[in-house]
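Working notes, structure below.
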């Protein structure tokens, strides 16, 4: 199964990429995904420690670490917005 | 001496004119002018009885009945405004 | 800038006339002729705007200067039409500009609220039979102005 | 109507698109690129606007529907630019229309305040050396939004 992660603002700048396509053998929780990402790149530790970062799953805000991610899900990591 | 009086909104409609040029032998007070006008046309009684009407003398609001009017003065009778 | 005009105006042009790189925020209020009912409950076909022009300009200039000072505006433009206007036509435009948005927004509301109760314009409905019907001042406009008087002066 | 666009827009045209004889009042908020200082105290030469477009459209549509309902608006137009913008260029336009002015004015302020803290846009200063510098969210924008949350919902 595949999950797309989109990165914005300083997260995109820090990671030097706008998105990732993650391939997984089985469905995992958001928390497990976070641990996966940290094990690959310690920068994610800094991202997940920042309380101002919001997470969106398929355009809806995600606050539940135990939420199971499904094939085709689009996850987005959003720093505080500054439009207008 | 001459005094111009400008009429607006329902006062203009009621009097069927937009202004008057009043010729006077001597300086008089605003109160005396009001009495003059009433004696010429009783419609002025109705105007002066209406608390919502404002009076402007040379573009400044006039609240003093004893104010002496001078040659060249422009007086205006203003119903409540409704612009915008 | 204050203008009392017979002709209509273009929003983009008016904005360009007062725009500046030092501003980040512009608030506009545009009043137009609303399809309304006369007191005899027939549809109006337009409005007629009467004005005591010299007085209106001096009253608008006073409101404009109060707004510029109180809200630290870069500019405040007020345009008001006079004469016969058809349904949908523009009547009045206020544009306020400032560095940050809250100032321009509050100032714009102050200017239009003040104009409605303190400036020498009178509105008449134009009826189908060719007659004019006077529009009355609204109590709520006067009440709202009392609130502003606590803020200004 | 919601638009996220690279190109600029004309205020008169945008007004015409949503104007109707049933409205008497239109409120506009226009945000532009202000000549600002970078954190290193040099003048910026423009901004760059990043956007999560699908999410921003859904967030703007939610704000728009709240405003239409709460303030009984006839229409609410929101246009936001993305990409590189020079000093003085238009960034964002909100137009709200209603029969009477207080509704359009309050709704317009609600929409721009909400957009500033709830919609997926990110602003960067463009510096002389070619670099981009992230703009930070303002605390006062968040605090103002808490006030609205007592009114909406």
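Structure data summary
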{"read-out": "Only one of D:29, D:9, D:15 that is at the interface with chain C (Cβ under 10 Å from one of its Cβ atoms), under 24 Å from residue C:105 (Cβ atoms), modelled with pLDDT of 95 or more and within 13 Å of the chain's Cα centre (by Cα)", "value": "D:29"}
{"read-out": "Wholly within the stretch B:1-58, helices (runs of 4 or more DSSP H) carrying at least 2 residues that are surrounded by fewer than 14 Cβ atoms within 10 Å (Cβ to Cβ)", "value": "B:30-40, B:43-49"}
{"read-out": "Qualifying residue in the stretch C:135-153 (condition: within 24 Å of residue C:77 (Cβ to Cβ) and not in a helix (DSSP H, G or I))", "value": "yes"}
{"read-out": "The lone exception for residue C:72 - which of (1) more than 11 Å from chain D (Cβ to nearest Cβ); (2) surrounded by 15 or more Cβ atoms within 10 Å (Cβ to Cβ) it fails", "value": "(2)"}
{"read-out": "Qualifying residues in the stretch C:41-64 (those that are more than 7 Å from every other protein chain (Cβ to nearest Cβ) and free of Cβ contacts under 8 Å to residues at least 40 places away in the same chain) - the one farthest from residue C:93 (Cα to Cα)", "value": "C:41"}
{"read-out": "Top-ranked residue of the stretch D:112-144 - restricted to ones that are farther than 22 Å from residue C:26 by Cα and more than 9 Å from chain A (Cβ to nearest Cβ), ranked as surrounded by the fewest Cβ atoms within 10 Å (Cβ to Cβ)", "value": "D:130"}
{"read-out": "Index of the failed condition, residue C:87 passing every other in (1) under 24 Å from residue D:97 (Cα atoms); (2) out of contact with any helix residue (DSSP H, G or I) (no Cβ under 7 Å at 6 or more places or on another chain); (3) touching a residue at least 60 places away in the same chain (Cβ under 8 Å)", "value": "(3)"}
{"read-out": "Only listed residue being within 26 Å of residue A:77 (Cα to Cα) and crowded, with 23+ Cβ neighbours inside 10 Å, chosen from D:30, D:60, D:65", "value": "D:60"}
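The values are calculated or read from the model by the stated rules, or taken from the named source; none is laboratory data. None of these values were measured; they are calculated from a predicted model. Glycine also receives a Cβ, built like all others from the backbone with ideal geometry; neighbour counts cover every protein chain displayed.
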